[in-house]
Each structure stands twice: as C-alpha cells, then as structure tokens.
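The next block holds one structure in the form of structure tokens; read it before the comments.
Read-outs throughout are calculated quantities, based only on the coordinates presented, and are distinct from any laboratory measurement. Just so you know, these numbers come straight off a predicted model, no measurement behind them. Using ideal geometry, Cβ is built from the backbone for each residue, glycine included, and neighbour counts are taken over all protein chains shown.
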Amino acid sequence: MKKRALLSVSDKTGLIKFARELADAGYELISTGGTLESLKKAGLEVLPVSAVTNFDEILDGRVKTLHPMIHGGILARRELADHQSQLEKLNITPIDIVVVNLYPFKETIANPEVTEADAIENIDIGGPTMLRAAAKNFESVTVVVDPADYDQVLQGLQTDAIALRKKLAAKVFRHTAQYDALIAEYFTELTGETDPEALTLTYEKVDSLRYGENPHQSAAFYKEANIKGGSIAHAKQLNGKELSYNNIQDANAALEILMEFSDQPAAVAVKHMNPCGVGIGDTIEQAFQTAYDADPISIFGGIVALNREVDLATAQHLKGIFLEIIIAPSFSKEALELLVEKPNLRLLETAVEPDQLDSKKVVSVRGGLLVQNRDLGRVEVDDLTVVTKQTPSEKQLQELLFAWKVVKHVKSNAIVLAKDHQTIGVGAGQMNRVGAAQIALDQAGNKAQGAVLASDAFFPMPDTVENAAKAGIKAIIQPGGSKRDQDSIDVCNAYGIAMVMTGMRHFKH
C-alpha cells in the first residue's frame, strides 16, 4: 500500500527539503492552503486535502481536515484486521506521517494591539486534532510538530523507529498542552477570573543547568511564554560562563529591586537574593560607587544591576571587582570591550523599567503550589501618615521612601537603614525583628547617626525602636497595624524621632 504524508505548517523552515526527501523515499504528499502552494511552487507533486476528502474546505477555511478520510487514515491501527478492512471498505488510505504546526496564537496575542477577534481567528482547531490523533497512534504514525526534528525523522525512516515515534508523540502532547494553556490563560484574563478552578502553567525551556542549588540537585531554566518587560529569562548574554541556578535567582532578585528605581540612575548589589548595597546618584558611575561603598565586603562575588547604560568610567570600576554578573539595559562599545577581557564575567542585557508585570508568583510546596499576585505595591509621599509629634523633613521623606523600596525586597524579618540615598545597613531573614535591626545597626556603626530606618512589618514591641533611637536614627517608616503601635510611637516621641506609617507591609518569605 502506498505510503502517505500529510503536511500543513505555518512555519515553513526546512519544509521543501524535507518534503522532497519524503517524496524521494516514496511518500505521496497531501497538503492544504499555503503549504500546498509552497510545495507546488517547489515543483513537488502534492495532492490537495480536498481531493482526498472529496469535500471542499468551508467556513473561510475553518473546516478542511476534520473529515473521516483524514482522521480515519491517521487513527487506524495497522495491526487490527478489523480496522484495515474498514479502511478498505471505505477506500481510506492510511496516513503514515503527519507534519503540522499550529496557527501562531502566542505571537498574535503578544501584539499589544491585538483584538479579541484576531486572537480567536488564530486558535487552531484542525491542527491540534490531527497532531493528537497522530500522537495517539504513534505505534503506526510518525508525527512532527517541530522543523528541528526533520533530520532525525528522515533518518528514522530507514528503520521501524518506534522509540523515536513515541518521543515525537510526547513532544506533540507537550506542544498542544502549551497551546491550550495559552488560550485558556488568554480567556481567563479576558473574563477577569483571578482564581480559576484549574491552573495550567506553561513555560519554554531556556537551558539545562549544570546543577541546582547544590551539585547533587538537577535543574533546568524555563521562561514564561509571553512575558512583557525586562527579565533574566529573556536577557541577552553578551559574555561569560553559562548561568547557574543560583546565578539566575540572584540576578532576578537584583533586577526586581532595580525596577523600583527609574527616575534617576541607580545601582544594586545582591548576594544570596538580598541586597548588600543600593545607591542612586546623578550618574550611573556615581550610583554604582554609592552602592559599592554601602558594603564593599559583601559585594565580592556578587551580582550588580544598573538601570542606565554602562559607560567606560563605570566599567573601569566594575572590572576591578570580582563579580559574577553585571546586568544593565545596555553597555557602551568601550565598556563592553573592557569588560569582556574578563572571560568568566557574565554580562546580561535586558530592559530595566518600572515593574508592571502583573503576573502570578508561583512557589512550589511539597505536593502542590502556592500562587499569588506579585507584590507590586508602592507608596508615595501622599500615602504616608505621620504618627509622631516630629514631622519628617522633605529630605527625610525621600530617604524613607528609598529605604522602603529596598526593604520590600529583603527577606523577612527585614530592616534597612539608609542615608544620603545609600543603604548603610541591611538586616535580613531573622527570626525576630530585634535581631534584624541589630544586624543592620551593627553594620551601619557610626553612620546610623541621622539615618532613617525601614521595617517590612510593624513593631509588635517598642524594643526595636528603642535600639534604633539609641543608635541615632532620626526617622522610621513602617506599615503600622499592631495593637501596640502607640508603644513605638511613644518611644519615637521621647527621642524626637519622626515616624510614618504606610498601611502596607512587605513580607517576603
């Protein structure tokens, strides 16, 4: 019986060469639409699907392959005599190879001006149906969804490569699952549902990693299919070794902190997903120097992110420090030439703008997932409530907001001290707030005199404020909301400290 291959693709990469080799191997080609025209133009003999079904496509092409003459040929089990006799009775020719990729739904909805009608018209129906049918019948049918697999398919024609067919079938089911997940996500967003009864997440592989957090853990890096704005997953790597699992975690933390600052040059240094130095300045060189001076010890072996192009002057500072990664929206030609002299230094280029990515944050727990909206909460001067007799000066208000933006990204319990647009003490991830504050105060030392303090959550007891006052802190920003808020307010009043409350907390577990 004649071998038959059905080809219907939107991505025509490598199509003609692949189809020609199939024809040379004795396959009869059948096709539809643009694929049919491409094959004909290349001089290949190809049979229209309508000639197989004896039924012209209808409804503006919405229905053309949904027909028993097609799906019977794909789904028939070759080893069952009953199936074969039915095919013979109905004059259906088996289809041995199905080559299909789908309408570009992902690319369509990535356009910010996409209309609902455009999105709907790019939902493929016949394609996924043929792919799933062929994948289900992988024992007899070879199914191809990715042009990158053409060569191994051609090689597999020489043998009964059932292992390859099963592998390709698995790829198809992943592909159609992702396709459906993107459609489901699009419609869920259209309808405004926030906690649907089922959640299907889909990601695309960026790379296999050498190992995870530790050498005995395996790991891979995946990216969201339709992320908007800057991200480490979509960054362009200009230099250096491949990223590790911990590199990616730290780089993401640095980028998220940096996105809090947009109206002036800013630099962030990160170690173990916590900021060790944050600074802003009139130039990116000044901002980096400020961040470096905040903690010149912890920055060693860390990650640095900058929100302006790295110029030569800044690059000269950066080159003199051992860093794992530098992240920036761009690097000047001179800066790049200098920094690539360090072959292991990873340079990542990605957009750095105010964070508006209102997507879900997903955390795995044993046997499940926790899902929440990302913390995009922000406060401005007008959102603050002064609760003490002392009112903060205009400069102190700006310093308080600077510290508040940083403490949001420090692991709880978190305390951040700031002075002159520079972090001078960071207390992260402690089991009690007094301990976090003491770490920050010890790091700041004499710099704490006249500085401001930010806390990610309220003070249930006045002891933290008492210690801050004794160290010379002059203004505090905190969420408020404790039953004992007045105890901390009273301490502030006794020491002449200004305290403002945000009404918003930033726990980060």
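Observations on the model:
- Near ASP250, once Lys and Arg are set to +1 and Asp and Glu to -1 for all other residues with Cβ below 14 Å from its Cβ, the sum equals 0.
- Per-residue 3J(HN,Hα) values for the stretch 258-263, derived from phi via the Karplus relation 6.51 cos²θ - 1.76 cosθ + 1.60 with θ = phi - 60°, read 4, 5, 6, 10, 9, 7 Hz in sequence order (x marks Gly and Pro).
- With Cα atoms, 0 to 90° folded angle of helix 284-294 axis to the chain main axis: 60 degrees
- To the nearest ten degrees, helix 126-136 and the longest principal axis of the Cα atoms of the chain are 80 degrees apart.
- Potential extension, LEU47-THR391 segment - 0.36 nm per residue separation minus Cα distance: 115.6 nm
- Here the stretch 255-302 is treated with +1 on each Lys and Arg Cβ and -1 on each Asp and Glu Cβ, and its dipole about the Cα centre works out to around 200 debye.
- Taking other Cβ atoms within 10 Å as a rough exposure proxy, ASP149, ASP282 sort from fewest to most as ASP282, ASP149.
- Beyond 20 Å in Cα-Cα separation lie the following of the pairs LYS3/LYS89; LYS12/LYS228; LYS136/LYS166: LYS12/LYS228.
- Taking a straight Cα-Cα cut-off under 20 Å and skipping sequence neighbours fewer than 8 places away in the same chain, the lysines within cross-link reach of LYS470 are LYS389, LYS419, LYS447.
- Length-normalised contact order for the stretch 155-240 - Cα pairs under 8 Å, 6+ apart - percent: 17 percent
- Footprinting exposure proxy ranking of LYS271, LYS171, LYS41, fewest other C-beta atoms within 10 angstrom first, gives LYS41, LYS171, LYS271.
- Estimated from helices alone, the mean residue ellipticity of the chain at 222 nm is -11000 deg cm²/dmol (sum of -39500 (n - 2.57) over DSSP H runs with n ≥ 4, per residue).
- The percentage of C-alpha pairs in the stretch 66-128 whose separation is greater than 15 Å is 61%.
- Applying both filters, DSSP loop and at most 15 other Cβ atoms within 10 Å, to the GluC sites (Glu not before Pro) of the stretch 114-169 gives GLU139.
- Reported to the nearest whole Å, the Cα centre-to-centre distance from the stretch 237-270 to the stretch 462-483 is 31.
- Remark: the Cα gyration tensor places the stretch 392-509 in the rounded category, a/c being less than 1.5.
- Modelled spin labels at VAL363 and LYS2, positioned 7 Å past Cα toward Cβ, are 6.2 nm from each other.
- Whether the stretch 1-69 is rounded, prolate or oblate, judged on the alpha carbon gyration tensor where a/c under 1.5 counts as rounded: oblate
- Sorted fewest first by neighbouring Cβ atoms within 10 angstrom, LYS106, LYS470, LYS360 come out as LYS470, LYS360, LYS106.
- Inter-part distance where the stretch 297-329 and the stretch 48-126 are each reduced to a Cα centre, Å: 53 Å
- DSSP bridge orientation in the chain - percent antiparallel, rounded to nearest 5: 55 percent
- Top positive-direction residue, dipole computed over the stretch 116-222 with Cβ charges, set VAL145, LEU168, ILE123: LEU168
- Helix 485-495 and the long axis of the chain differ in direction by around 40°, with both axes built from C-alpha atoms.
- Backbone phi angles across the stretch 177-190, fed through the Karplus curve with coefficients 6.51, -1.76 and 1.60 (θ = phi - 60°), yield HN-Hα couplings of 5, 5, 4, 5, 5, 5, 5, 4, 5, 4, 6, 5, 5, 4 Hz in residue order; Gly and Pro are listed as x.
- Where GluC sites (Glu not before Pro) fall in DSSP loop in the stretch 145-195, at most 12 other Cβ within 10 Å: GLU193
- All other residues whose Cβ lies under 12 angstrom from that of ALA335 are scored, Lys and Arg at +1 and Asp and Glu at -1, for a net of -4.
- Magnitude of the charge dipole, the chain, Cβ model with Lys/Arg +1 and Asp/Glu -1, debye to 20: 1280 debye
- Global geometry of the chain, whether rounded, prolate or oblate, following the gyration tensor of its Cα atoms and the 1.5 cut on a/c: prolate
- When the chymotrypsin sites (Phe, Trp or Tyr not before Pro) in the stretch 297-342 are filtered for DSSP coil states and for at most 16 other beta-carbon atoms within 10 Å of their beta-carbon, the remaining sites are PHE300, PHE322.
- Net charge over other residues, Cβ less than 14 angstrom from the Cβ of ALA440 (K, R count +1; D, E count -1): +2
- Contact order relative to length of the chain, as percent, for alpha carbon pairs under 8 angstrom and 6 or more apart: 8 percent
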